[in-house]
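Chemist: This is the structure I want to talk about, given as structure tokens.
The values are calculated or read from the model by the stated rules, or taken from the named source; none is laboratory data. Keep in mind it's a predicted model, so treat the numbers as computed, not measured. Cβ placement follows ideal geometry from the backbone for every residue including glycine, while neighbour counts extend to all protein chains displayed. Only protein heavy atoms, including side chains, enter the accessible area calculation; ligands, DNA and RNA are left aside. Shrake-Rupley method; radii C 1.70, N 1.55, O 1.52, S 1.80 Å.
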Amino acid sequence: MQDVIALLPDHVANQIAAGEVVQRPASVVKELLENAIDAKATSIQLIVGEAGKQRIQVVDNGMGMSATDARMAFERHATSKINNANDLFALHTKGFRGEALASIAAVAHVEMHSRRAQDDLATKITMAGSEVVDQSFVVSPVGTSLSVTNLFYNVPARRNFLKSNQVELRHIIDEFHRVALAHPDIAFQLINGGNELFDLPAENLKRRIFHVFGRKIEDKLVPIDEQTLVANIRGFVLKPDAAKRTRGMQFFFVNQRFVKSPFLHHAIKSAFEGLMHEGMHPGYFLFIDLDPNSIDINIHPTKTEIKFENEQSIFAILKSTVKHSLGVFQIAPTLDFDHRVDLEVPHSEQTKSVAPPQIQVDRDFNPFSSEKQHTFQSQIQPKWEALYQEIGSTEGHQESLLPDDAAKETLAQQKFFQLMRRYVVTATGNSLLLLDQERAHQRILYEQFLATITQSNSASQQLLFPLEVEMSPLQSQQLNTYTSLLEEVGFKWNNEKGNTISIVGIPNSCSEPQALQVFDDLFSSLTDDAPKDTFEQTDHLAKILCKTLGIKSGKELKEEEQQRLIDDLFACKDSQVSPFNRQIFITLTQEELQKKFY
């Protein structure tokens, strides 16, 4: 029988390896930025075109490479970081596998210029599909410039799976944020399509956070600084009132390497327990420094997952450190176990005179006398027979258990009532209708906003004092996509300097705090599944508006509000489910109710 197992050709093996390391343009950005940091660069420039699909270029002022090293850097498993297996547990650099450049060159066109300070000329290497096209010497400044173009040109299936430019750019900016926050002492610049998105000077961590996410979070940061024998923890957490419904500003860095750790995230959430509403996520920028021998970062090709030798200790230290900082800065409520709240005099009672209690004593009472003892026992023993007799005895007594005539008339006129401040209940024929007020109002607002956008019939109220919204460069670009739709529903704003807008008009159904929440929810919702065409964007915006502006569970409604809610709901095109496909109401028939009593 003929042998069937054969070695893969090098170009095929490289493309398979590239599938693990290079998943999208952001993967290339991550690897190139980390290589520049390992080269001890103090200034790094990232230039992208078409969200990285057309071009990704990283220029640094690092050490550069010799001609031999520049050529060897594109070979698989060629690295200067490790010499034996033990070096894997003493790593202080970003890249160490020797796969990044080889994997990138296997699925793109790559051109690299690199020059050391002692060399007169730079080495230029051009590659395509793992093949060296050209190697020569050129004039270039000290450092390395590496340009990647036509990503996945020879793997069209992978290229077809890429998302829209907006989504891919978001992933690139996410990677840029992670590297820039991990190294605030390095200057970074990001240019997309000729537009400068970030220009970050070398600075401290707090100012780096301001420059990346805006000064709006300046007063939301709570410093963290704890040194123990196991690990040192430093950085910032955001105050509980800055928590978001979606995960956003959550950064863990272990030995200055960004990692994703649900385990550590749970420690932070445990520290915030009781300080946030359910479903909210805290924000943090935390650096954990510990012995490299106590962690394993070689468990995933992207090096974003990590294993701790003593993770329970890290969990306990992290949780207690965050709770301590929240208490020190008076974010968490303090407990005084010696304080007796029940002994406090209410403020409204402090000015009133206190009258001594009047006590009446029966001095002739003797519980041991036979007559008194019989009377006392008769008072404390329940008269069950008499109780049953009283319930069903006379018609006059039964009348007293029922409402009087005035109460009966009031109950007859009341068609609706609110249950648990969440459901509106009413009788319809021989059945009982229970309606979820939050979902019902979402459906009503959703169809109203769709009609407003479609018919261009918006009504706006002008603000006496404009509201300022500070955005990141990415959020500023996202807002441009929704500008016309937001104006259709009644939002009006002026562009201020930088990435700040001044809201001067809001929809009639919107309050000023809700207006700011609309923009916050809009930016938080634009993830990988962000809508691309106008129809999807309209639907997406209408859902955000109805969710933010709708009546919430727990709000008390007057009877006329309950009536209007039901009338408006059943005037909708679809009154069965909310915009988020949740059932709005249920009905209980007389037969179903009767079964509950059997």
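Chemist: For the stretch 476-523, report the accessible area per residue in Å² (1.4 Å probe, heavy atoms, rounded to an integer).
Modeler: That works out to 41 Å² per residue.
Chemist: Rounded, prolate or oblate, given the Cα gyration tensor of the stretch 220-326, with a/c below 1.5 counting as rounded?
Modeler: Prolate, since a/c reaches 1.5 and a/b exceeds b/c.
Chemist: According to a simple spin-label model (label point 7 Å from Cα along Cα-to-Cβ), what is the distance in nm between LYS596 and GLN583?
Modeler: Inter-label distance under the simple model: 1.4 nm.
Chemist: Structure shown: which of LYS216/LYS319; LYS239/LYS323; LYS269/LYS555; LYS555/LYS595; LYS244/LYS552; LYS220/LYS497 lie over 20 Å apart, alpha-carbon to alpha-carbon?
Modeler: Distance filter (> 20 Å) returns LYS216/LYS319; LYS269/LYS555; LYS555/LYS595; LYS220/LYS497.
Chemist: Go through VAL259, ALA182, PHE210 and say which Cα lies farthest out towards the positive end of the charge dipole of the stretch 172-271; charges sit on Cβ, +1 for Lys and Arg, -1 for Asp and Glu.
Modeler: VAL259
Chemist: Please work out the C-alpha center-to-center distance from the stretch 514-589 to the stretch 128-168 and express it in whole Å.
Modeler: So the two Cα centres are separated by 45 Å.
Chemist: Which of rounded, prolate, oblate describes the stretch 136-183, given a ≥ b ≥ c as roots of the alpha-carbon gyration tensor eigenvalues and a/c under 1.5 marking rounded, otherwise prolate only if a/b is larger than b/c?
Modeler: It is oblate, given that a/c is not under 1.5 and a/b is not larger than b/c.
Chemist: What is the magnitude of the charge dipole of the stretch 107-252 about its Cα centre, with +1 placed on the Cβ of each Lys and Arg, -1 on the Cβ of each Asp and Glu, and no other charges, expressed in debye to the nearest 20?
Modeler: Dipole magnitude for the stretch 107-252 comes out near 680 debye.
Chemist: Note down the nm distance, to one decimal, between modelled labels 7 Å out along Cα→Cβ at ASP539 and at PHE417.
Modeler: Once both label points are built, they end up 4.1 nm from each other.
Chemist: Taking 7 Å along the Cα-to-C-beta vector as the label spot, tell me the THR428-ASP567 distance in nanometres, rounded to one decimal.
Modeler: My value for the distance between the label points is 1.7 nm.
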